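Novice: Mind having a look at this structure? Questions to follow.
The values are calculated or read from the model by the stated rules, or taken from the named source; none is laboratory data. The shown structure was predicted, so the numbers you read here are calculated from the model rather than taken from an experiment. Cβ sites come from the backbone with ideal geometry, for glycine too, and all protein chains shown count toward neighbours.
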Amino acid sequence: MNAINKRVLVQGIVQGVGFRPTVYGYAQKLGLTGWILNSAHGVEIEVHGELAQVYAFLHELRTKPPQMAQIDTFFVSDVATKPYASFQIVPSQDNPADFLPVSPDLDVCPDCLRELFDPANRRHRYPFINCTNCGPRFSIVKSIPYDRPNTSMSAFPLCPDCAKEYHDPADRRFHAQPIACPVCGPQVWLQSTKEKFATGEDAIQLTRQLLTDGKILALKGLGGFHLACDAQNEHAVTELRLRKRRSMKPFALMSNDLETIRNFAQVSVEEEKMLLSIQKPIVVLNLTEAGKKLADIVAPDQNTLGFMLPYTPLHYLLLEKEINYPEVLVMTSGNLSEEPIVTENEEALEKLQGIADAFLMHNRPIETRIDDSVLTTVANKPYFIRRARSFAPSPIRLPFFTTQALAAGTHLKNTFALSREHYAFLSHHIGDLENEETLTAYTKAINHYQQIFRIQPKLFAADLHPDYLATRYAMERAEKEQLPIMHIQHHHAHISSCLADNGWKNDDLVIGLAFDGTGYGSDGAIWGGEVLLANYSGFERRFQLDYAPLPGGDVSIRKPARLALAYLHHLGLLDQAEGLAPYLYLNEIERQVLIHQVETGFNTPQTSSMGRLFDAVAALIGLYQEINYEAQNAISLEAIADPDETAAYELPIQGSRILLKPLFEQILADLRQNLPQSAISARFHNAINHLALKVSDQLRTETGVNTVAISGGVWQNRRLINNIIPALQKAGFTPLWHHQVPTNDGGVALGQLMTALFQTGMLKE
């Protein structure tokens, strides 16, 4: 006999994902003995058997881990040969000094889905069915280790049947912490603000009837409430917009299957993979002809729709196909404008009573509110717009060993980031820190992440802007805890984030194309059209859009008509504006006040923002003169761009300044020639791409740097990003763009973290 023993340590997302029963099954199949346990280090295994069987076991484990597992390291070592009577699952061990990544919430697995619709199964049509391969994770975790008493399921004692499954290593529900059934688990009911209508299956069927009748329902989901209605019912959608005070912003949609989605939107191979993935994100898709009609209702002035498939048992039950039942549901976040998504039942009754006609509730508590993730594709790869459910809190693996630190993030689309060892834990999407409710959610989330990942920051990082609530939070903590704080320039953080996202392993310089809406500059102006020579440690601002006035600050952001006229007056072109849309939108008094502000500089900061340039151009050619949501004009400008137009406006460079006057002169000339909006938009987009290539080429000639990092909210524009990547590649550059975190401000915290760690020397390879 040629028996051997091997010790295995597997690290990553390896607990709460069915690792132990999978390993147990492999050991039983191959006739091996030994043990497996969850520890604070990861999953530890010792296996004994014949050499061939042991190596077959290791091969199976490496190549066929549980679907939801994410293996970062796989260590195998020799140990003294020692036979065991059997293969055992040993009780978990915990060391308070160590930590482990926590699994995100995931889609219903095929096995549970089959059981859900099997009349013979005891969990038939039970809306909380799950196993070790699926279901809630992060949204129910209170603390670690990840055991049932440390989750919101602790309130539901297991019945004998569930307990038997839970303790059976051969069962796929072995140590599935959210395990439940109709006897012992959470329940669902339908109610008004005053009373219950129905419970269980009756509640689900009545909800379906109300949706069919054109009503608006508040649905308690995995990470919070959704507001739902029939997406093809114009009256219902219009009413939802009125009640939610969301007049134009697109709604997310949910359909039962991929075939239905294809009726309204084009779905590429990569987009299909994303829609069908275990994460089930919202995926932004191009319209079909039928989709254009639907978009008029749910996504005005857009050429895309955001679709997702069901990802909880309750969704599958609600969207079950039936004649005359809605094919597509609006599934938008259940909240008031600018507030966090609602999670508590009583909170929903209070805050959503003026919006929802009825409430489909359940009694499983939500420990962490979490929105749906939103993705699109760039270069046929996933590209994050919002990173939240099913992705957070999965860590970003770093090419460096770091100290424990906290990056506070930004004001808009806030996320924060924590570091420990080789990991950066970028939080789920928090939202805009505009009010007390969101700030409370932000601080609660930071405390939760610190607890579950056992991180006590030794360093803080924050934005340069002194008035951001996130910056103030970091400063107050740094002062209270007597720890250092680093203030990181916003656009430098964008580029650092892109580098970390791509696993950039050194501190070599890159060309950074940081194009966005708003970022506090080191000179006190509002930056946003920046070309940097940068690394993790520092940056040099080599090119910028020429400064332009932003009269009234946020007032002009909300009213791009003001921006357009301010730009024209600043450039000496206001005399050509008479009769154009922004000129007509503002009355004589408003125009005179605006001119006075620009000329005197009163309450008129200077900006180099690319996002504001998009707003101004869109208003100038007759799109929105006043916007209802962030980037509305920029999104609309992208939507109308003629895909076949190849001409481009000129954006000359003078020293480090990118001159704007020639651009506006060319646009005004085309307006006088009655050139279609679609052509002007396309020429403007082409101008930005030509500019990006031109400045990159000039910097390469001057410095020899050949890598270009692309980051900032403007690069959410798919026409821009999908054109610049191949253009840079064709010119011999190595472009880097985002893959794991958003290019918008939702990814900035990662860059803040990395730059602060580099600048303080608190990391090593």
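Novice: Within region 645-663, does at least one residue satisfy the condition of being out of contact with any Leu (no Cβ under 7 Å at 6 or more places or on another chain), of a type in the set (A, V, I, L, M, F, W, C) and over 30 Å from Gly732 (Cα atoms)?
Specialist: Checking region 645-663: not a single residue is out of contact with any Leu (no Cβ under 7 Å at 6 or more places or on another chain), of a type in the set (A, V, I, L, M, F, W, C) and over 30 Å from Gly732 (Cα atoms).
Novice: Going residue by residue through region 240-252, is there one that turns out to be over 25 Å from the mean Cα position of the chain (by Cα) and surrounded by fewer than 22 Cβ atoms within 10 Å (Cβ to Cβ)?
Specialist: yes
Novice: In region 161-179, how many are in a loop (DSSP other than H, G, I, E, B) and either surrounded by 19 or more Cβ atoms within 10 Å (Cβ to Cβ) or of a type in the set (D, E, K, R) (or both)? Reasoning before the result, please.
Specialist: The initial filter retains those residues of region 161-179 that are in a loop (DSSP other than H, G, I, E, B), namely 167-179.
So of that shortlist, the ones also either surrounded by 19 or more Cβ atoms within 10 Å (Cβ to Cβ) or of a type in the set (D, E, K, R) (or both) come out as 168, 171-179.
Residues meeting the conditions: 10.
Novice: Let me ask another. Which one of Leu206, Leu227 is at pLDDT 95 or above, surrounded by 21 or more Cβ atoms within 10 Å (Cβ to Cβ) and within 29 Å of Ile140 (Cβ to Cβ)?
Specialist: Going through Leu206, Leu227 in turn, the sole match is Leu227.
Novice: Among the residues of region 97-106, are any surrounded by 17 or more Cβ atoms within 10 Å (Cβ to Cβ) and either of a type in the set (S, T, N, Q) or more than 33 Å from the chain's Cα centre (by Cα) (or both)? Even if it seems obvious, please write down each step before you answer.
Specialist: In the first step, residues of region 97-106 are kept if they are surrounded by 17 or more Cβ atoms within 10 Å (Cβ to Cβ); the result is 99-106.
Keeping just the survivors that are either of a type in the set (S, T, N, Q) or more than 33 Å from the chain's Cα centre (by Cα) (or both) gives 103.
Yes: one or more hits.
Novice: Can I ask one more? Has region 180-192 got at least one residue that is more than 25 Å from Met361 (Cβ to Cβ), in contact (Cβ under 8 Å) with a residue 12 or more places away in the chain and part of a loop (DSSP other than H, G, I, E, B)?
Specialist: No: region 180-192 contains no residue that is more than 25 Å from Met361 (Cβ to Cβ), in contact (Cβ under 8 Å) with a residue 12 or more places away in the chain and part of a loop (DSSP other than H, G, I, E, B).
Residues checked against (1) polar (S, T, N, Q); (2) within 20 Å of Val17 (Cα to Cα):
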residue	(1), (2)
Phe57	no, yes
Ser77	yes, no
Pro83	no, no
Asp107	no, yes
Leu113	no, yes
Pro119	no, no
Arg137	no, yes
Val141	no, yes
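Novice: Return yes or no: is Tyr473 modelled with pLDDT of 95 or more, under 20 Å from Pro395 (Cβ atoms), within 23 Å of the chain's Cα centre (by Cα) and hydroxyl-bearing (Ser, Thr, Tyr)?
Specialist: Considered against the rule, which asks whether it is modelled with pLDDT of 95 or more, under 20 Å from Pro395 (Cβ atoms), within 23 Å of the chain's Cα centre (by Cα) and hydroxyl-bearing (Ser, Thr, Tyr), Tyr473 comes out as no.
Novice: Condition first: farther than 22 Å from Phe416 by Cβ and not polar (S, T, N, Q). Can you find one or more residues in region 736-746 that meet it?
Specialist: So far as region 736-746 goes, yes, one or more of its residues are farther than 22 Å from Phe416 by Cβ and not polar (S, T, N, Q).
Novice: If I go through region 401-452 residue by residue, how many of them are in a strand (DSSP E or B) and surrounded by 19 or more Cβ atoms within 10 Å (Cβ to Cβ)? Spell out the reasoning first.
Specialist: Taking region 401-452 first, the residues in a strand (DSSP E or B) are 401-407, 414, 417-426, 431.
Of the ones still in play, those that are also surrounded by 19 or more Cβ atoms within 10 Å (Cβ to Cβ) are 402, 405-407, 414, 417-420, 423-426, 431.
Number satisfying all stated conditions: 14.
Novice: If you don't mind, another one. So which residues in region 275-328 are more than 26 Å from Thr238 (Cβ to Cβ), among the hydroxyl-bearing types (Ser, Thr, Tyr) and surrounded by fewer than 20 Cβ atoms within 10 Å (Cβ to Cβ)?
Specialist: Once the filter is applied, which keeps residues that are more than 26 Å from Thr238 (Cβ to Cβ), among the hydroxyl-bearing types (Ser, Thr, Tyr) and surrounded by fewer than 20 Cβ atoms within 10 Å (Cβ to Cβ), region 275-328 yields only Ser277.
Novice: Residues of region 117-150 being in a loop (DSSP other than H, G, I, E, B) and within 18 Å of Leu106 (Cα to Cα), which ones?
Specialist: Tyr126, Pro127, Phe128, Ile129, Asn130, Thr132, Asn133, Pro136, Arg137, Lys142, Tyr146, Asp147
Novice: Out of region 379-395, which residues are at negative phi, surrounded by fewer than 23 Cβ atoms within 10 Å (Cβ to Cβ) and either in contact with a Lys or Arg (Cβ under 6 Å, 6 or more places away or on another chain) or aliphatic (A, V, I, L, M) (or both)?
Specialist: Matches in region 379-395: Ile385 only.
Novice: When you check Phe19 against the structure, is it within 31 Å of the chain's Cα centre (by Cα) and within 21 Å of Tyr166 (Cα to Cα), yes or no?
Specialist: Considered against the rule, which asks whether it is within 31 Å of the chain's Cα centre (by Cα) and within 21 Å of Tyr166 (Cα to Cα), Phe19 comes out as yes.
Novice: Would you check which residues across region 674-732 are among the β-branched types (Val, Ile, Thr) and free of Cβ contacts under 8 Å to residues at least 24 places away in the same chain and list them?
Specialist: Thr701
Novice: In region 170-195, how many are over 19 Å from Thr151 (Cα atoms), modelled with pLDDT under 95 and not β-branched (Val, Ile, Thr)?
Specialist: 5
Novice: Can you tell me which residues in region 535-551 are touching a Lys or Arg at 6+ places or on another chain (Cβ under 9 Å) and among the hydrophobic types (A, V, I, L, M, F, W, C)?
Specialist: To start, the set of residues in region 535-551 that are touching a Lys or Arg at 6+ places or on another chain (Cβ under 9 Å) comprises 543-548, 550-551.
Result: Phe543, Leu545, Ala548, Leu550.
Novice: Let me ask something additional. Would you confirm whether any residue within region 7-20 is among the aromatic types (Phe, Trp, Tyr), surrounded by fewer than 18 Cβ atoms within 10 Å (Cβ to Cβ) and out of contact with any Lys or Arg (no Cβ under 7 Å at 6 or more places or on another chain)?
Specialist: Among the residues of region 7-20, not one is among the aromatic types (Phe, Trp, Tyr), surrounded by fewer than 18 Cβ atoms within 10 Å (Cβ to Cβ) and out of contact with any Lys or Arg (no Cβ under 7 Å at 6 or more places or on another chain), which makes the answer no.
Novice: In addition: Mind telling me which of the residues Ala40, Ala27, Ala56, Ala80 ends up being of a type outside the set (S, T, N, Q) and surrounded by fewer than 16 Cβ atoms within 10 Å (Cβ to Cβ)?
Specialist: Ala80
Novice: So, one more: Only residues that are touching a Phe, Trp or Tyr at 6+ places or on another chain (Cβ under 8 Å), surrounded by 20 or more Cβ atoms within 10 Å (Cβ to Cβ) and in contact (Cβ under 8 Å) with a residue 24 or more places away in the chain: list them for region 470-484, please.
Specialist: Ala470, Tyr473, Ala474
Novice: Starting from residues that are touching a strand residue (DSSP E or B) at 6+ places or on another chain (Cβ under 7 Å) and of a type in the set (Val, Ile, Thr), keep the ones in region 690-706 and report whichever is farthest from Asp507 (Cα to Cα).
Specialist: The residue in question is Val695.
Novice: Please specify each residue of region 597-611 satisfying the condition of being among the hydrophobic types (A, V, I, L, M, F, W, C) and free of Cβ contacts under 8 Å to residues at least 40 places away in the same chain. Break it down into steps so the answer makes sense when it comes.
Specialist: Here is the first cut: in region 597-611, the ones among the hydrophobic types (A, V, I, L, M, F, W, C) are 598, 602, 610.
If the condition is that a residue be among the hydrophobic types (A, V, I, L, M, F, W, C) and free of Cβ contacts under 8 Å to residues at least 40 places away in the same chain, then Phe602 is the only one that fits.
Novice: Go through Ala687, Ala692, Ala641 for me and flag whichever is among the hydrophobic types (A, V, I, L, M, F, W, C), touching a helix residue (DSSP H, G or I) at 6+ places or on another chain (Cβ under 8 Å) and closer than 21 Å to Lys249 by Cβ.
Specialist: Values: Ala687 fails: closer than 21 Å to Lys249 by Cβ; Ala692 fails: closer than 21 Å to Lys249 by Cβ.
Answer to the selection: Ala641.
Novice: Also: Which condition from (1) over 17 Å from Tyr146 (Cβ atoms); (2) surrounded by fewer than 18 Cβ atoms within 10 Å (Cβ to Cβ); (3) out of contact with any helix residue (DSSP H, G or I) (no Cβ under 8 Å at 6 or more places or on another chain); (4) in contact (Cβ under 8 Å) with a residue 24 or more places away in the chain is the one that Asn2 breaks?
Specialist: Only one criterion in (1) over 17 Å from Tyr146 (Cβ atoms); (2) surrounded by fewer than 18 Cβ atoms within 10 Å (Cβ to Cβ); (3) out of contact with any helix residue (DSSP H, G or I) (no Cβ under 8 Å at 6 or more places or on another chain); (4) in contact (Cβ under 8 Å) with a residue 24 or more places away in the chain is unmet by Asn2, namely (3).
Novice: Could I ask something else about it? Go through Val54, Val47 for me and flag whichever is in contact with a strand residue (DSSP E or B) (Cβ under 6 Å, 6 or more places away or on another chain), outside any strand (DSSP E or B) and in contact (Cβ under 8 Å) with a residue 24 or more places away in the chain.
Specialist: Numbers: Val47 fails: outside any strand (DSSP E or B).
Residue meeting the stated conditions: Val54.
Novice: Looking at (1) touching a His at 6+ places or on another chain (Cβ under 6 Å); (2) closer than 19 Å to Ile621 by Cβ; (3) not basic (Lys, Arg), find the lone condition where Pro560 falls short.
Specialist: (1)
Novice: Sticking with this one: Please go through region 295-331 and pick out each residue that is touching a Phe, Trp or Tyr at 6+ places or on another chain (Cβ under 6 Å) and closer than 30 Å to Glu115 by Cβ.
Specialist: Pro310, Val330
Novice: Just checking, does region 617-625 include any residue being out of contact with any Leu (no Cβ under 9 Å at 6 or more places or on another chain), farther than 20 Å from Val714 by Cα and surrounded by fewer than 24 Cβ atoms within 10 Å (Cβ to Cβ)?
Specialist: Within region 617-625 (the criterion being out of contact with any Leu (no Cβ under 9 Å at 6 or more places or on another chain), farther than 20 Å from Val714 by Cα and surrounded by fewer than 24 Cβ atoms within 10 Å (Cβ to Cβ)), the answer is no, since none of the residues qualifies.
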